[in-house]
Amino acid sequence: DLWFDWGSSIALIPERSWSIAASETLVALPMFIFMGLMLDRSGVAERLMTNMVKLFGGLRGGYAVTVIVMGVLLAATTGIIGASVVLLGLLSLPVMLANNYSKSLAVGTACATGTLGILIPPSIMLVLMADRLANPAASVGDLFMGALCPGLLLSAMYIAYVLVLGTVRPQAAPVPADAPPITWATIWQVARAVVPTAGLILAVLGTIFMGVATPTEASGVGAVGAMILAAANRQLNFSIMRETVLQTTRTTAFIFAIFIGATAFSVVLRGLGGDEVIEEALIGLPFGPNGIVISILFGVFLLGFFLDWVEITLIILPLVAPVIEQLGFDLVWFTILFAVCLQTSFLTPPVGFALFYIKGASPQEIKVTDIYRGVIPFIILQLIGLAMVYTLPALVTWLPSVAYR
């Protein structure tokens, strides 16, 4: 009956596909992708790396700290995991290995830090989540504000881990013998490198958080700002523009193709009553409301070993969100929990995409076993961060509540 009941099931696929293409929320998606790719080609990251090494290089583990700080700035301007991981790997791994850093620490830091872009806004994952939820209580702006504190918390945990490891195991993160002293000239050079990137972050996120612009409008501001930075660095020309536009088109088309496939799947699933079965199964678990949330997150963590975040977001999140609302939980809080849990999917084998990205950007002496050993501590840190967000919901809910007063 499902396949031949054209009016109520299969006929919905073209309509749903058109609604995806016409979604105002998803207009931000190609703009943020363009912004990230343009910044990747603008030379901003190279300037940041060169100058920040002068500031943190004298610390034990200072090169790894530099990578993490750079990763946070890139995450707040790109949101594209592949570009961030590859760029951080190419820029940092040769330098850290030349200064006798542990292979696992060097590659693990670059790999894990690159994944922060999926959580720290403007994140394309949060844009997709807001569109799939289609709930005014969990708009793109709410999710952006809710994800900021957890993203910065994870960054701080990464830095603390590197500094502690450098103290406990000095041979893993030695201080370079030629580390320059910190002078006012060094601070000024770092400030000149950071201010343009910080200005772009303020232009995008600041306008959203202050209510001046919607995320869709802010994405356009970010795209133009990225072009201005590229032009300021004399990296804006026809070839770079053409390459960036083509790559943006490919990435966007890839995501929208998965959107359409997920839509067809959800239509068939709902036509067969699958969403009701899942809802009844979750509510019927003998664990109580908190146990149900933990069960969902555990299932998402396991799925992350084998599925990409896009498939999990498009298929699983819309099925479990109504159950979470019915149980009385804050939807923004749960969605950020879902996002933090999904961040581990980039680092967990066998389908951790960040592992493949970093391997492609690593020198030949870096083995797959070095990568696996390097990311394990960061996966543990992500799970600790997930537990902290779960037990302290204010980490997510505080900023949206303050912004909308």
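A few notes on this one:
- Within the chain, helices built from complete DSSP H runs that reach 27 Å or longer along their own axis (Cα positions) and carry a mean Kyte-Doolittle hydropathy of -0.5 or higher are 140-168, 238-271, 368-391.
- Magnitude of the charge dipole, the chain, Cβ model with Lys/Arg +1 and Asp/Glu -1, debye to 20: 1640
- Bins of 10 Å, starting at 0 and running to the largest distance - Cα pair percent for the chain: 5, 22, 31, 26, 12, 4, 1, 0
- Once C-alpha pairs closer than 8 Å and six or more residues apart are averaged by separation and normalised to the residue number of the chain, the relative contact order reads 27 percent.
- Note on ARG169 and ILE384: with the Förster distance fixed at 25 Å, the Cβ-Cβ geometry gives a FRET efficiency of about 0.80.
- Fraction of accessible area attributable to carbon and sulfur, segment 103-168 (%, probe 1.4 Å): 72
- Anisotropy class of segment 113-199 from Cα gyration tensor, a/c 1.5 cut: oblate
- Surface exposure of the chain, expressed per residue as accessible area with a 1.4 Å probe, stands at 42 Å².
- Derived from the Cα gyration tensor, the three semi-axes of the equivalent ellipsoid of segment 243-399 are 29, 22, 15 Å, largest first.
- Loop sites in segment 287-370: chymotrypsin sites (Phe, Trp or Tyr not before Pro), DSSP, at most 14 other Cβ within 10 Å: PHE287, PHE305, PHE306
- Exposed-loop-free span, longest in the chain, where GluC sites (Glu not before Pro) count as exposed if DSSP calls them loop and at most 16 other C-beta atoms lie within 10 Å: 25-364
- For segment 290-321, backbone nitrogen atoms closer than 19 Å to the point 7 Å from GLU24 Cα along Cα-to-C-beta are found at no residue.
- Where labels lie 7 Å past Cα in the beta-carbon direction, separation of PHE356 and ALA281 in nm: 2.8
The values are calculated or read from the model by the stated rules, or taken from the named source; none is laboratory data. Bear in mind the structure is a predicted one, so any value in this text is a computation, not a measurement. Every residue, glycine as well, gets a Cβ built from its backbone with ideal geometry; the counts of neighbours run over all protein chains shown. Only protein heavy atoms, including side chains, enter the accessible area calculation; ligands, DNA and RNA are left aside. Shrake-Rupley method; radii C 1.70, N 1.55, O 1.52, S 1.80 Å.
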